[in-house]
Amino acid sequence: MRNGRLDVLGTNRLGRALYSEMYTDPARPVNHARFIFLNPRSHGFYPDWKRAANDTVAILRTESGRDPYDRALSELVGELSMRSEEFRTRWAAHNVRQHYTGLKHFHHPVVGDLHLMYDGMGLSADPGLSLLIYTAEPGSASEDALRLLASWAATLEQAEQAEQAGPAGPAGQAAAGVAPPA
């Protein structure tokens, strides 16, 4: 789930794993535009970086037309304009675009190349919010990579849970006065 400023507002485990490169930046909320224009990793993550950059700016332009008084959007555009020549050039072109379906190409550092169809659905109850759904062609290398990515994400989650439980695990929690899950 994202807003018109391209802030990531919510995701499932697989979505977070897909965009894990964006989560390496400590700035919050995680933002697609900041990642594309301010993080050098984006050039490796998006094989067609120029298209991703152009689409990103066009989406932000569309949002600025929809809500011209959005202070957070103005601040984001100002930040990107100050820190990225690539962004400034594209912003000055005044391209506007909404895209709700298509094919996206990614190069994930763990599973390699992914070619995923996407559908974006605007939420009528809250204009500016979109839910994005990615799918892989059945039987494709991208489907295999997506399954591997899901497995990788589950393994990371298990490791994080074990780390939170501490070295003694549930027994240590009980000794510390924390009841283990039933």
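Computed from the coordinates by the stated procedures, all read-outs in this text should not be read as laboratory data. If you're wondering where the values come from, they're calculated on a predicted model, not measured in any experiment. Here the Cβ positions follow ideal geometry from the backbone for every residue, glycine too, while neighbour counts run over all protein chains shown.
Odds and ends about this structure:
- Virtual spin-label span in nm between residue 23 and residue 69, 7 Å along Cα→Cβ: 3.7
- Close amide H contacts of residue 108 (hydrogens built in the peptide plane, cut-off under 5 Å, sequence separation of 5 or more or a different chain): 113, 114.
- Residues in segment 31-40 carry Karplus couplings, in order, of 9, 4, 5, 4, 4, 5, 9, 10, 10, x Hz; the curve used is 6.51 cos²θ - 1.76 cosθ + 1.60 with θ = phi - 60°, and Gly or Pro positions show x.
- Residue list for segment 93-125, given a label point 7 angstrom along the Cα-to-Cβ vector of residue 62 and an amide N cut-off under 18 Å: 93-105, 117-125
- Peptides 51-57, 32-38 ordered by average Cβ neighbours within 10 Å, highest first: 32-38, 51-57
- FRET efficiency estimate (nearest 0.05) - Cβ-Cβ, residue 1 to residue 83, R0 30 angstrom: 0.70
- Relative to the dominant Cα principal axis of the chain, helix 49-66 is inclined by about 80°.
- Residue-wise HN-Hα coupling along segment 151-164, computed from phi with Karplus coefficients 6.51, -1.76, 1.60 (Hz; x: Gly, Pro): 5, 4, 5, 5, 5, 5, 4, 4, 5, 5, 5, 5, 5, 5
- For the chain, the convex hull spanned by the alpha carbon atoms encloses 168 Å³ per residue.
- Computed lengthening from residue 135 to residue 157, 0.36 nm per intervening residue step minus Cα-Cα distance: 5.7 nm
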